[in-house]
Each structure stands twice: as C-alpha cells, then as structure tokens.
Amino acid sequence: MSSLDQVFVSAQTALFQLLPEALRPWAGIAVRIGVIAALAPAVMMYLTLFERKVIARMQNRFGPTRVGVYGLMQPLSDGLKMLIKEDIVPRHADRLLHMLAPVTAVAPVILLFAVLPIGRNMVAADLNVGLLYIFAVASVGSFAIFTGGWASRSKFSTLGAMRAVAQLISYEVPGALSVVALIMVTGTLSMVSIVDAQAARWFLFTPWGFVAGVMFFLCGVAECNRTPFDMPEAESELTAGFHTEYSGMKFALWYLAEFLEAFLVCGFTVTLFLGGWQGPAVPFWLLATLLAVIVGMAQKLPLPVRAVGVLVLAAAGLLWRADPIPSWLWFTAKTYALFFVLVWFRGTFPRLRADQLMGLAWKFFLPMALLNIFAAGVWVSYPFPMGTIASVLLLAAGAWGLVRINQPASSHAPRTYVLAD
Amino acid sequence: MALIGSGVLQGLGVTLRTFIETYPWGKALLGVLRIRTGQGLVTIEYPDVRQQHHERQRIFPFLVYDGAPDNLRCVSCKICEQECPPQCIHINGPAKDEQGRPAKVHGRTYPVTFDINVAICMSCRICVDVCPFDAIEMDNEFELSTEERFGRLVFNKARLLKSNEYFQQIKPTEAAEVDARLAAKAKPSPKPAAPAPAAGPTAAPAA
C-alpha cells in the first residue's frame, strides 16, 4: 500500500500503466484538465454553503438548514434554480459581449488552478514563471467585469464596472510589489520551489513575510471584489453593480468566478506565505480518530451514515497509522481556514468608501510594499538577530509613519452651525 | 496613541465571539475563559418550533358563538361593516322569514351571510371595538395562506364562527373581561324590565 501522502499520484501512475506509451502524455493532460474542471465548480458550490453557514452564525442565525441534513443539499438546489431561471438580456444590451463576459470571467480563474500546488507532487503545471503567470492571468478578470458592465447598458452596471477597473488596477500594483520581496529571498518564480523554500519556516513568520503576506491577502481580497472592498457590487448603492443585468446561468457564472477567485486568493496566500502543503508531522490516526468522533456525534445525520463514516475513518486511520497528515489535506485545511477569514471580514467590516479604498492602495500599501522590499534585503544581508531586529524596526517605523502622514487633518476647534434664514 | 489597527482587531473579536457562542462547545469555552456572551442563536425554526406569541397578538377577526354554532352573538347590526376602514366586511341580513319579519334564533336576529376578505383586512381591530354585542373578536391564527386566490381568501360565516371556549383559550384575559361585561349586562336585564312597565304607561300618555 502506497503512502497516504502520494495516494492520488500513485493511483494516476497505476492507471497510466494500463495505457500504451504513446498515449500517456495526452492522458496526463486530460486528467489534469478533467480534475480541475470537475473540482472547481464543486469547490465553489460548497464554498457558498460554507460562507452562508459561517456568516449566519456570526449573525446569530442558523443559515441553510432545510435542504438536506445541515443544509448540505442547498448548493444543489441553488444550482438547479439557477439553471431553470429565465435568461434576460436588456433590450439595448450588446448581446454578444453580454454573453461572453461571464465566460471570460470564469476562464482565467480556472486557468489559475494550473499552477496551484495542492500537495507534494500534485500540481497541474509547475511553470518556472508561476508567479508571473498568476498576475498575468488574474488581470484578465478586470476586462471581463468591465465588458459585462458596459455591455449591459445599464447605469448601475456601468458605474460598477468603472469602479471595478479603478479598484482592480490600483490593487494589482501593491499586490505584485508585495511579492517582489518573496522573489528576492527565494530567487525563483516557480510555485513549487517557493513551497519547498518554506520547509524550515513559513514566510509568514519572518518580518518581511508577515507584512507582504497580509498585504498580498488584502490586495487579493480587493481584487476578487469581496467585502470590505466590494465597491464594484455595492448592493446597497448599485443594486448589484456590474452584474445587475444578469440572471440565470450567466449570473451563476459570475458567482462561480468570484468564489473561485476568492478561493484562489486564499490558496495562493497559503502557497506563498503559509508554507503551502507543508505542515507539522502530526500522525494521521489522530486526525482520523477526531473526525470519527465528530461524525459519530453528529446527531442530525442518519444512523447508517454515521456508522459507515466512523468505520471508514477508523479503517483509514488503521491503514495509514504510520503516516503523517497528508500534504493535500494540510493545503486544503489551510486554504479553508483562510477562506474563513474572508467570511469573517465580510461579517465584520462595512464597505470602504471610494476614496478610502484608493487611499489604502496608493498611500499605504504601495509605500509599505516598497519599504518591505528594502526590509527583506536587510533581513537577507545580515545574520539572524541583527537582520530580523533591523527589519522589524524598519517596518514598524514605516507603518507608524505612514499612518501619521495619512491622518486626515482635523481641527479640534468647535464647529459652528449657522442656520439659513 | 492606540495601536494601529486595534479597532479593526476589536471588531473582528466581536464577530468571532458571536460565531463561537452559537455552538454549545463554544459557549462552554467562553464560560471557561470568562468572556461575556451575548444571546446566542435567536432563530426559531418555525415549522418545527413555534414561537409563543403575545396574548394580544391579533391577525384576523372571527365570530363568537355560545354553545352551539347557531347561537352566535352577532345580530347583523352592520356597524362593523360600516366602520371597517378598508371595507372588507360584507353582511347580508338580518335574516327574514316568509312574511318579511326579522327571523330570530335564541331571541336574536342573525346575519344570512357574513364574509370577511383576508386579502383586504388590515388587522386594525376596529370592528371589535365598535361591536356592541362583543360578537366579533380577533383571532391569532396566522397560517392563512392559500393556493386559491378568490374562493379561500374570503372567509364566510361558517369559517368565521368559533366558540367562546376557543376565545377563552387563546385570549384568557380579554375573554374574561368580555364574559364579565356580558354577565353584567345579562344580570341587570330584569331591572330595566321592572321599571319598563312603570315607564311604559308614563311614556304612553306623553306620546
């Protein structure tokens, strides 16, 4: 029995042994495309449920509970609803672009999955320019949003689209600059090599990595239009922003793109700063036992399901008792934990104003990213105690100074109100 | 000067606490950590669990009868029909016998038909306030939705009639008041009856 860590890789190799030699490279491509195309919508469907459940709990509600046990069938019923809804196109809309825009939104997001290392030896394409590829492909999304908003020929849509372009372009700059420090330290653009470089220490636990990671994550949040940076949608101001005029499956495609992008932002932050699929060597049987207890105690599940679940988990724990928790499970757990943070943000923060949004990107993140490159240089050039202390001091002073400089001028003189007469 | 971002972290703390305390284990954890908790889950899962409504909750009127359904208190005076602001009450009556005289059951006239349209009623309770016979009261039944727009949304006399026991059950306080008032009205009825013969002769010559 192959080790749990490589179970999918070994399965694929075993399967390919059955094929003739000439077909194997093509089969490899087909499997990668198939897995991504099948997994991406499934991931998105359950992300919506995850988000709705978590945000509901933060608002003292239950969230979906009626469709299936714990509302687990809710995404399926939502999908069915979207499929059978009427597809409405506004009368004066540009019909071709209106139809193409959601497709151009989804396609690059799915392309991005290609360079995401899900586990050890589990990446669809280990490009040696992986980071560059991410920024190049992700920026296509702003074209899609602008096309969709403009083609709808609606004021709400156009306003949302213009906001989106301004926001996405602004946040791409500090997002890309925050990664420069990482490239400088690791000396590579390949995602797999970056994960390998974090074997000893995750980059989040270095001073420059902490700043860069937080900035990269926040810029990512802004680029996938999620609260508190959801200016392009702004449901309280623009009804639904750029996708106001979309319904049915096209609307579902917009949502697919948005959720997958949010998932990828979490995934890339994990890969670049949180050690990717690396994790402490916790024995797998511990996790299996914990999961078995949770499944066994789930009161709403039918008894046979609980029994089978406990048995399967116990068997897996016994079978792979010598293995640590597999790398793909670490990656998934970290990514979902980060997605929880995204939902947590949505449950906590109100939307930023347009000027605050731009100010954050240009007046705080951009200088901070530039300073961070310098701090990373200091951290690399000097050995441990000196370099770390110097870069921490540099970054703290920089953050403090930027906040002080950017503070709005406020006069403490009492305001006088003059009534018009 | 407060630490940069401390307000943001504080806000995140509030939401995280709210999230955790909705789970039983989370509530226990917060109790151990001595963190003040809020009210937790407030949702009442309606079809499975029913909320205890206030006694004075009012949705839609019904007609009260004592004992048997033909002994309804309504005498078809049509005051409620006239006073109803959205005019959702329609009464035909009082019932007449073959000679055209008012027909009486249990010594009272009664309506032939009594319809109230749920779609129009605004639950204002004015019909209850104006009724001199305490014949109409507000029900707290709220599951009135129906698939048929015209037939089922108009409640006829048969559907409106409900017993006084039902009234006492859903609104004990108000029913006790009404019962006391009706009893007081019923008791002194001999008294006005007693002076009536005395008043009758004096009134008659005056006329």
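A few points about this structure:
- Filtered residues of the range A:272-292 (kept if exposed (fewer than 12 other Cβ atoms within 10 Å of the Cβ) and β-branched (Val, Ile, Thr)): A:Val282
- Test for A:Ala105: is it surrounded by 20 or more Cβ atoms within 10 Å (Cβ to Cβ) and either within 20 Å of the chain's Cα centre (by Cα) or farther than 30 Å from A:Asp5 by Cβ (or both): yes
- Residue within the range B:79-87 that is out of contact with any Cys (no Cβ under 8 Å at 6 or more places or on another chain) and under 30 Å from A:Leu360 (Cα atoms) present: no
- Condition met for B:Ile20 (touching a Gly at 6+ places or on another chain (Cβ under 6 Å) and aliphatic (A, V, I, L, M)): yes
- Restricting the range A:59-82 to residues that are of a type in the set (D, E, K, R) and in a loop (DSSP other than H, G, I, E, B) leaves a set whose member that is nearest to the other protein chains (Cβ to nearest Cβ) is A:Arg61.
- Checked against the criterion of being among the basic types (Lys, Arg), out of contact with any His (no Cβ under 6 Å at 6 or more places or on another chain) and in a loop (DSSP other than H, G, I, E, B), the candidates A:Arg201, A:Arg153, A:Arg163 yield just one match: A:Arg201.
- Residues being in a helix (DSSP H, G or I) and farther than 30 Å from A:Pro283 by Cβ - total across the range A:1-54: 27
Yes/no per residue for (1) at pLDDT 90 or above; (2) in a loop (DSSP other than H, G, I, E, B):
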| position | (1), (2) |
| --- | --- |
| B:Gly100 | no, yes |
| B:Asp129 | yes, no |
| B:Met138 | yes, no |
| B:Glu147 | no, yes |
| B:Lys191 | no, no |
| B:Ala199 | no, no |
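- Taken together, the criteria place A:Phe16 among residues that are surrounded by 15 or more Cβ atoms within 10 Å (Cβ to Cβ) and either more than 30 Å from A:Tyr255 (Cβ to Cβ) or of a type in the set (Lys, Arg) (or both).
- Among residues of the range B:132-177, those that are touching a strand residue (DSSP E or B) at 6+ places or on another chain (Cβ under 9 Å) and more than 17 Å from B:Gln57 (Cβ to Cβ), counted: 13
- A:Val129 at pLDDT 90 or above and of a type in the set (A, V, I, L, M, F, W, C): no
- Residues that are within 19 Å of A:Phe229 (Cβ to Cβ), out of contact with any Phe, Trp or Tyr (no Cβ under 8 Å at 6 or more places or on another chain) and not hydrophobic (A, V, I, L, M, F, W, C) within the range A:330-350 comprise A:Arg346, A:Thr348, A:Pro350, listed in sequence order.
- Criterion: within 30 Å of A:Thr104 (Cβ to Cβ) and within 14 Å of chain B (Cβ to nearest Cβ) - qualifying residue of A:Leu272, A:Leu290, A:Leu260, A:Leu342: A:Leu342
- B:Tyr110 falls short on exactly one of the conditions (1) within 21 Å of the chain's Cα centre (by Cα); (2) surrounded by 15 or more Cβ atoms within 10 Å (Cβ to Cβ), and that condition is (1).
- Contact map, the range B:13-29: residues that are more than 7 Å from chain A (Cβ to nearest Cβ) paired with residues that are of a type in the set (Lys, Arg) and assigned to a helix (DSSP H, G or I), Cβ distance under 7 Å, separation 6+ or inter-chain. Pairs shown: B:Glu21/B:Lys27.
- Scanning the range B:1-13 for residues that are in a helix (DSSP H, G or I) and more than 15 Å from A:Val341 (Cβ to Cβ) turns up B:Ser6, B:Gly7, B:Gln10.
- Residues of the range A:237-290 satisfying the condition of being among the β-branched types (Val, Ile, Thr) and part of a helix (DSSP H, G or I): A:Val265, A:Thr269, A:Val270, A:Thr271, A:Thr289
Residue-by-condition table, conditions (1) within 23 Å of A:Ile134 (Cα to Cα); (2) touching a residue at least 60 places away in the same chain (Cβ under 8 Å); (3) in contact with a Gly (Cβ under 6 Å, 6 or more places away or on another chain):
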site: A:Pro232; (1), (2), (3): yes, yes, yes
site: A:Thr239; (1), (2), (3): no, yes, no
site: A:Phe242; (1), (2), (3): no, yes, yes
site: A:Ser247; (1), (2), (3): no, yes, no
site: A:Phe251; (1), (2), (3): no, yes, no
site: A:Phe259; (1), (2), (3): yes, yes, no
site: A:Gly267; (1), (2), (3): yes, yes, no
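- Meets criteria (part of a loop (DSSP other than H, G, I, E, B), within 23 Å of B:Val178 (Cα to Cα) and touching a residue at least 60 places away in the same chain (Cβ under 8 Å)) for B:Val75: yes
Matching residues to (1) within 14 Å of another protein chain (Cβ to nearest Cβ); (2) assigned to a helix (DSSP H, G or I); (3) at pLDDT below 85:
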residue: A:Asp355; (1), (2), (3): no, yes, yes
residue: A:Gly359; (1), (2), (3): no, yes, no
residue: A:Ala375; (1), (2), (3): no, yes, no
residue: A:Gly387; (1), (2), (3): no, yes, yes
residue: A:Val392; (1), (2), (3): no, yes, no
residue: A:Gly401; (1), (2), (3): yes, yes, no
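- Taken over the range B:30-60, the criterion of being within 8 Å of chain A (Cβ to nearest Cβ) and surrounded by fewer than 10 Cβ atoms within 10 Å (Cβ to Cβ) is satisfied by B:Gln39 alone.
- Hey, A:Val43 surrounded by 13 or more Cβ atoms within 10 Å (Cβ to Cβ) and either without any contact (Cβ under 8 Å) to a residue 12 or more places away in the chain or under 17 Å from A:Asp126 (Cα atoms) (or both) or not: no
- Candidates A:Phe374, A:Phe349, A:Phe340: the one that is under 18 Å from A:Pro174 (Cβ atoms) and either not assigned by TED's automatic domain parsing to the domain that holds A:Ala262 or not hydroxyl-bearing (Ser, Thr, Tyr) (or both) is A:Phe374.
The values are calculated or read from the model by the stated rules, or taken from the named source; none is laboratory data. Computed from a predicted structure; not experimentally measured. All Cβ positions, even for glycine, are placed from backbone atoms using ideal geometry, and neighbour counts span all protein chains on display.
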